[in-house]
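K.L.:
Sending over a structure as structure tokens; questions will come in a sec.
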Amino acid sequence: MDMDFTPDELDFQAEVRSFLKSHLTERLIEGAKRTPGVFVEPDIGLEWQRILHEKGWLAIYWPEADGGTGWTPVQRYIFEKECALAGAPALAVLGLKLVGPVICRFGTPEQKARFLPRILSAEDYWCQGYSEPGSGSDLASLKTRAALEGDTYRINGSKIWTTHAHYANWMFCLVRTDPDVSAQRGITFLLVPMDQPGVTVTPIVTMAGDHEVNQVFLDDAKSHVGNRIGEEGQGWTIAKFLLENERGGSCFAPKLIADIDQLALTAARVPSGTNGALVHDTEISRKLASLRLRARAFEISELRILAEIAKGRPPGPQTSLVKLVSANLRQELDTLAMEIHGLAGLQLPAERPLYGNEAPEPVGSVEAQMAAGRYLNSRAWTIFGGSDEVQKNIIAKTVLGL
Ligand SMILES: Cc1cc2nc3c(=O)[nH]c(=O)nc-3n(C[C@H](O)[C@H](O)[C@H](O)COP(=O)(O)OP(=O)(O)OC[C@H]3O[C@@H](n4cnc5c(N)ncnc54)[C@H](O)[C@@H]3O)c2cc1C
């Protein structure tokens with residue numbers, strides 16, 4: 001694999017840098033930096049989304065025919081890396097990276113025309129209704145029932161851990177349409193409008209004090225048959241396609257490496273009793289170096305996967321490796337941040353958001369103020385999108401052939 005960028009790719013990199021310099025505002029950088037949760041708040045994420053949409057640089061994972069950028073995997077990598085280095089907010093993945101590609105791949109022309117432009121313009125905000133109480137890792141056991149009555153599905157059941165359901169006006173969900181066939185074959189992929197009497201959203205506040213996830217109750221909720229993606233019973237195939245996109249097929253390493261470098265800069269500012277600054281402490285510098293080396297090795301693996309995608313091959317089960325490694329490196333980074341900030345890292349403000357005029361003053365640095373919230377929220381990385389154990393099972397079966 002050739003690891004050097006071509007002259008055209010270097011030109012593209014310069015163009016991205018110049019765009020970020022002129023369009024990425026201080027407010028957006030601060031909003032991203034001062035969010036301890038896993039997911040960026042919509043006011044920050046959507047503002048950045050609108051700027052990218054105007055430039056035509058938003059749907060980097062969609063086919064060009066459906067409004068995507070048509071970039072090569074290397075261009076996507078360059079873009080993600082430059083965004084990470086510049087401190088850009090992460091975009092909300094639910095519409096752009098999860099249901100968007102599903103509609104591009106499995107939607108009818110009418111569904112594409114109706115939903116895709118509204119994802120790009122942020123008129124629609126999506127949430128993901130996969131998990132249920134009792135059906136998380138064992139997703140195929142889900143019980144939410146959808147019965148077709150005339151041209152409308154009547155839906156009953158409950159979804160849980162639904163990220164940003166309190167902002168969403170649409171939910172893409174897996175429902176059981178046929179209870180009499182094998183678990184996977186009875187599942188259908190359905191889009192459900194949130195703003196209706198049959199849908200109730202109740203908050204779940206995480207141990208860090210953030211409200212990101214919810215439980216959603218569906219009591220005789222309704223959705224028109226035209227909101228079904230694919231055929232009845234095709235939901236499991238579509239669900240797997242979406243999960244592969246959720247777990248990989250994009251670039252986690254650039255942000256991870258940028259955050260490790262940022263932590264090293266922070267450690268250079270924290271005094272140490274014996275060595276001037278903590279970054280010179282043998283144990284801390286060893287941990288930083290170890291993290292950086294493994295993140296760099298991970299970056300090479302991601303680039304290798306991109307090279308496969310560039311040749312037209314699907315990312316496949318390697319996405320489980322990406323998910324497993326990136327989640328664990330992320331947790332290790334947030335744990336090391338707690339160690340570096342010491343006592344100052346123990347503050348956990350109750351107010352939200354932590355940016356803007358109403359934000360509480362940090363004790364010490366902003367980085368210290370974020371550390372505990374990040375550490376606590378970071379526990380979720382090895383759970384959502386499929387837990388570590390589930391990824392290891394997939395790797396054992398499909399990569400190692402055990
Ligand atoms: C912050 C956050 C956001 C989320 N957002 C969403 C969302 O937007 N939409 C959505 O649908 N879901 C969402 N989830 C749910 C997430 O996908 C599930 O939590 C996850 O799939 C695990 O399911 P569970 O919580 O039911 O745990 P369980 O499946 O009950 O697992 C409990 C434990 O048992 C282990 N385990 C289970 N099965 C096996 C096995 N076969 N072999 C070995 N170990 C096993 C698991 O690894 C885990 O440690 C979110 C979760 C979190 C934490």
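K.L.:
In what order do 381, 170 fall by count of nearby beta-carbon atoms within 10 Å, going from fewest to most?
P.N.:
Ordered by Cβ neighbours within 10 Å, fewest first: 381, 170.
K.L.:
Compute, for the chain, the length of the dipole vector about the Cα centre, with Cβ point charges of +1 (Lys, Arg) and -1 (Asp, Glu) only. Units Debye, rounded to 20.
P.N.:
That gives a dipole near 700 debye.
K.L.:
Compute the helix-to-body angle for 42-55: its Cα long axis versus the longest principal axis of the chain, expressed 0 to 90° and rounded to tens.
P.N.:
80 degrees
K.L.:
Please give the Cα centre distance for the stretch 150-200 versus the stretch 267-340, rounded to the nearest Å.
P.N.:
37 Å
K.L.:
Pick from 20, 191, 333: which is most flexible by mean-square fluctuation in a GNM of the chain where alpha carbon atoms under 10 Å apart are linked?
P.N.:
Checking each option, the largest mean-square fluctuation is seen for 20.
K.L.:
Across 20 Å bins from 0, what is the distribution of all Cα-Cα pair distances for the chain, in whole percents?
P.N.:
Pair shares across the bins are 25, 58, 16, 1.
K.L.:
With r defined as the distance between the Cβ atoms of residue 359 and residue 265 and R0 fixed at 22 Å, what FRET efficiency is calculated, to the nearest 0.05?
P.N.:
Step by step, r from the Cβ atoms, then E = 0.50.
K.L.:
What's the angle, to the nearest 10 degrees (0 to 90), between helix 235-247's Cα axis and the longest principal axis of the chain?
P.N.:
That works out to roughly 10 degrees.
K.L.:
Per 0.36 nm of contour for each residue apart, how much would the distance between residue 169 and residue 20 grow if the chain were fully extended, relative to their Cα-Cα spacing?
P.N.:
50.6 nm is the gain from fully extending residue 169 to residue 20.
K.L.:
Still on this structure: Mind checking which of 150, 364, 198 has the largest fluctuation in a GNM of the chain, springs on alpha carbons under 10 Å?
P.N.:
Per the Cα network of the chain with a 10 Å cutoff, 150 tops the list.
K.L.:
Between the DSSP loop rule and a limit of at most 14 other Cβ atoms within 10 Å, which GluC sites (Glu not before Pro) in the stretch 146-244 are left?
P.N.:
Hits after loop and neighbour filter: 231.
K.L.:
Let me ask you something else. Taking one equal scatterer on every alpha-carbon of the stretch 7-120, how large is log10 of I(q)/I(0) by Debye at q = 0.12, 0.15 1/Å?
P.N.:
-0.44, -0.68
K.L.:
Same structure again: Against the longest alpha carbon principal axis of the chain, how many degrees, from 0 to 90 and to the nearest 10, is the axis of helix 109-120 turned?
P.N.:
Once rounded, one gets 30 degrees.
K.L.:
May I pose another question? Charges on Cβ only, +1 for Lys and Arg, -1 for Asp and Glu, centred on the Cα centroid of the chain; of 239, 14, 169, which one is farthest towards the dipole's positive end?
P.N.:
Checked the options; the winner is 239.
K.L.:
Can you find, among 350, 258, 194, the residue farthest towards the positive end of the dipole of the chain? Put +1 on the C-beta of Lys and Arg, -1 on that of Asp and Glu.
P.N.:
The residue sitting farthest along the positive end of the dipole is 258.
K.L.:
Let me check I've understood the local charge: for residue 214, count other residues with C-beta under 14 angstrom from its C-beta, Lys and Arg +1, Asp and Glu -1. What total comes out?
P.N.:
With Lys, Arg at +1 and Asp, Glu at -1, the neighbours total -2.
K.L.:
Quick one: putting +1 on the C-beta of Lys and Arg, -1 on the C-beta of Asp and Glu, what dipole do you get for the stretch 236-375 around its Cα centre, in Debye to the nearest 20?
P.N.:
660 debye
K.L.:
About the Cα centre of the stretch 126-234, what is the dipole size in debye to 20, counting +1 per Lys and Arg Cβ and -1 per Asp and Glu Cβ, all else neutral?
P.N.:
Magnitude of the dipole: close to 60 debye.
Coordinate-derived values only; no laboratory data. What you see is a predicted model; the values in this text were computed from it and never measured. Cβ: placed from backbone, ideal geometry, glycine included. Neighbour counts: every protein chain shown.
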